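The values are calculated or read from the model by the stated rules, or taken from the named source; none is laboratory data. Please read all numbers here as calculations on a predicted model, not as lab measurements. Here the Cβ is made from the backbone with ideal geometry for all residues, glycine too, and neighbour counts use every protein chain on show. Quick note on the areas: whole protein, heavy atoms, side chains included, nothing else; ligands and nucleic acids left out. Shrake-Rupley method; radii C 1.70, N 1.55, O 1.52, S 1.80 Å.
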Amino acid sequence: MKQKLIKPENLEALPNGYGYLLIDVDVAGIAPSFSYVKVKSSKKNPRKKKKVKYSKNGTHVVTLKHSENGLYALPMPAGTYQITQINAPFFDLPYKLDTSTKNEWRFKIEAGKTNFAGHLSIKKERSTRYLDVNLINRFATEKERLENTLQQLLSLAPLAHGVGVRDDFAQALAEKESSR
C-alpha cells in the first residue's frame, strides 16, 4: 500500500486506536521512499533484536517524492513498526538499503499521541553501493521546537517519544518534567 506523508496543519482527527507518526524529513533525489511493516512478536519487548516477527498485513510504502524538507505526519494504528527498506534511485544509480534487521530503524505509535520518530536524512550524493541515509533520534534536542511549532496539533494529540529503541536521555527528561 502506498502512502504520502501529510503536513501537520492538514491532519484530520484521529480514529480510536490510532496515533500520529511525526517525522522530520530532509531528503534529496528523484523519487525517495521508505517501506515499513508492523512488528509482531511473542516477546514482551518487540524492540529487541531477537525473535522479531513481522505482521502478515503487508508492507507499506511511503513516497517522499516532491516532499519539501520539514515536519510531516501520518495517522497510523498503535504499535511498533520497522522501516525495512530505503529506496533512493538517482538517474542510473538505483539504490535500496535494507534496514529490516537494524533496531535503530524502529518506531512506535501510541494511540492518541503525536509520536516523534526522529530526523530522516537521505542525501543526494551516492554511488552504486553507497548512500548517506540516517534516522536520527532527536527527541530531546527537538522537543522544545516541536512544542512551539506544533501547538495546534499537540493540543489534539500530545507529543510522545516515538523512537522504537531504548533512549535513557528521553526517559530522564520525561521523569524530570513529571516531577515538576
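Of all residues in segment 70-91, how many are open to solvent by 20 Å² or more (accessible area, probe 1.4 Å), of a type in the set (F, W, Y) and in a strand (DSSP E or B)?
So the answer is 1.
Can you pull out the residues in segment 135-152 that are buried (at least 17 other Cβ atoms within 10 Å of the Cβ), modelled with pLDDT of 90 or more and not in a loop (DSSP other than H, G, I, E, B)?
L135, L146
Restricting attention to segment 92-134, report how many residues are out of contact with any Ser or Thr (no Cβ under 6 Å at 6 or more places or on another chain), at pLDDT 80 or above and open to solvent by 50 Å² or more (accessible area, probe 1.4 Å).
10
Of all residues in segment 3-23, count the ones that are open to solvent by 20 Å² or more (accessible area, probe 1.4 Å), within 26 Å of P89 (Cβ to Cβ) and either touching a Pro at 6+ places or on another chain (Cβ under 7 Å) or assigned to a strand (DSSP E or B) (or both).
Final tally of qualifying residues: 3.
Considering only residues of segment 48-58 that are assigned to a loop (DSSP other than H, G, I, E, B) and open to solvent by 70 Å² or more (accessible area, probe 1.4 Å), which is modelled with the highest pLDDT?
N57
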